[in-house]
Amino acid sequence: MNTTTIVKNPVITAWSALSPFGTGREAFTEGLLAGRTTSRELDKELWAGPDAEACLVPEFTAASALGRKGTRSMDRATGLAVATVGRLLDDQDQGREIATGEHAALVLGTTTGSAQSMMDFTRDSLTGERPYLVDPSRFPNTVMNCAAGQCAIWHQLRGPNATVAGGRVAGLHALNYARRLLISGRADTALCGAVEEYSAARSWLDRTGRDDAPVLGEGCAMLQLEQSGDDSASRALAEVRAVEFGAYGDDCTAALAACVRRALDRAGVSVADLWAVAPCGTAGPGESVALREVLGDLSAFRAPDLSPIGDTAGAASAMQITAVLALASGDAAASGRAALITAVDEGVVGCAVLGIA
């Protein structure tokens, strides 16, 4: 006898963010709705890069957010990720009961981890005094999965733990990885998102060979995904209906258009069903051309504006998802509709379709 297993899409049941708007979900939502500018002049004694200004998480240090114990050698990216996961767990009733333990996974997207930690450690290995040359306590920061590992250690997440590098598409890669963990039964709950730190090293890397580089931002956005069922239904904010990716050579237009069409088809969503469209906005004209080709007039959809927090690079697509959820929480027209999130980086495109609860 043949049997058919119906696989339900996972649902997003909670989210939080540390961003230039501030710490936590409420600060992010308030800043987004107000369109509040976050760029500020940099103190050159603290930030010895080429930038005159940047969009930083206000007053953030790992020690101030997490306490002095265990944070002496923690880099900024790790501190942002650990603090965001903590806020996500603590800002909901029974958050730690639901999303920690043996069956709780974590997937974190990034660009390269902490570029500053890598460069500092390499420099010390060449210039430090013998016999030790380097501070061994700082070596873990040079490994790309340091932030994800520290999140698991701090918050008792003992399920699968993964880091995905993907630049501006990293948040979508993390979402897809977490979705697959839930669908395959590898985890009951998955925390997923992406992080990007601001640093002098990142500033130099971004500015090299570019005259039009945007103001840089930083932050971390995290989502809580659960298997769809009776337990999660009352807390569901959105259903993850589809996540798709593609590759391109010189122009992202055709690849992104095809990617969006596949995602809408897989999700069973028509253009008329869409309530919001959240493009990354840093891919040049190719992204908007592709979206107009598939969707028509983009002014018909709500679109969160994340330009006030600068270019958050590896955290960008995760920020786009949380921005959609923030807008949906205050818009009755969003209920029962769908949202499209798109991201583009060098050679890669991605998109996700969410069904708003």
> Does any residue of segment 249-258 turn out to be open to solvent by less than 50 Å² (accessible area, probe 1.4 Å), assigned to a strand (DSSP E or B), in contact (Cβ under 8 Å) with a residue 60 or more places away in the chain and not aliphatic (A, V, I, L, M)?
Replying inline: no
> Quick one: how many residues across segment 265-303 are open to solvent by less than 20 Å² (accessible area, probe 1.4 Å), more than 21 Å from Phe245 (Cβ to Cβ) and of a type outside the set (Phe, Trp, Tyr)?
Replying inline: 0
> If you check Ala187, Ala178, which single one turns out to be in a loop (DSSP other than H, G, I, E, B) and modelled with pLDDT of 95 or more?
Replying inline: Ala187
> Would you say Val143 is open to solvent by less than 70 Å² (accessible area, probe 1.4 Å) and either touching a Lys or Arg at 6+ places or on another chain (Cβ under 7 Å) or more than 24 Å from Ala352 (Cα to Cα) (or both)?
Replying inline: yes
>> Condition first: of a type outside the set (A, V, I, L, M, F, W, C), in a loop (DSSP other than H, G, I, E, B) and either touching a residue at least 12 places away in the same chain (Cβ under 8 Å) or more than 17 Å from Ala201 (Cα to Cα) (or both). Now tell me which residues in segment 36-63 satisfy that.
In response: Arg36, Thr37, Thr38, Ser39, Gly49, Pro50, Asp51, Pro58, Glu59, Thr61
>> I'd like to check something: does segment 98-105 contain any residue that is in contact with a Phe, Trp or Tyr (Cβ under 7 Å, 6 or more places away or on another chain) and modelled with pLDDT of 95 or more?
In response: no
>> I'm trying to understand the selection: among the residues of segment 78-94, which are open to solvent by 50 Å² or more (accessible area, probe 1.4 Å) and assigned to a helix (DSSP H, G or I)?
In response: Arg87, Asp90
> Does segment 114-123 include one or more residues that are without any contact (Cβ under 8 Å) to a residue 40 or more places away in the chain, exposed (fewer than 15 other Cβ atoms within 10 Å of the Cβ) and of a type outside the set (Ser, Thr, Tyr)?
Replying inline: yes
>> For segment 280-323, give me each residue that is small (Gly, Ala, Ser) and touching an Asp or Glu at 6+ places or on another chain (Cβ under 7 Å).
In response: Gly286, Ala313, Gly314, Ala315
> Quick one: is Gly171 assigned to a loop (DSSP other than H, G, I, E, B), of a type outside the set (Asp, Glu), under 19 Å from Ala77 (Cβ atoms) and open to solvent by less than 20 Å² (accessible area, probe 1.4 Å)?
Replying inline: no
> Which number in (1) closer than 22 Å to Leu181 by Cβ; (2) of a type in the set (Asp, Glu); (3) over 21 Å from the mean Cα position of the chain (by Cα) marks the one condition that Asp273 misses?
Replying inline: (1)
>> Scan segment 328-339 and tell me whether some residue there is touching a residue at least 60 places away in the same chain (Cβ under 8 Å), open to solvent by less than 10 Å² (accessible area, probe 1.4 Å) and not in a helix (DSSP H, G or I).
In response: yes
> Among the residues of segment 31-88 satisfying the criterion of being of a type in the set (Ser, Thr, Tyr) and over 12 Å from Cys220 (Cα atoms), which is modelled with the lowest pLDDT?
Replying inline: Ser73
>> So, in segment 57-81, how many residues would count as being under 16 Å from the mean Cα position of the chain (by Cα) and within 15 Å of Gly113 (Cβ to Cβ)?
In response: 6
>> With the requirement that a residue be open to solvent by 80 Å² or more (accessible area, probe 1.4 Å) and among the hydrophobic types (A, V, I, L, M, F, W, C), what does segment 16-41 give you?
In response: Leu33
>> Restricting to segment 53-77, give me the number of residues that are open to solvent by less than 40 Å² (accessible area, probe 1.4 Å) and touching a strand residue (DSSP E or B) at 6+ places or on another chain (Cβ under 8 Å).
In response: 6
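The values are calculated or read from the model by the stated rules, or taken from the named source; none is laboratory data. Computed from a predicted structure; not experimentally measured. Every residue, glycine as well, gets a Cβ built from its backbone with ideal geometry; the counts of neighbours run over all protein chains shown. Side chains are part of the model used for accessible areas, which takes the heavy atoms of the whole protein and leaves out ligands, DNA and RNA. Shrake-Rupley method; radii C 1.70, N 1.55, O 1.52, S 1.80 Å.
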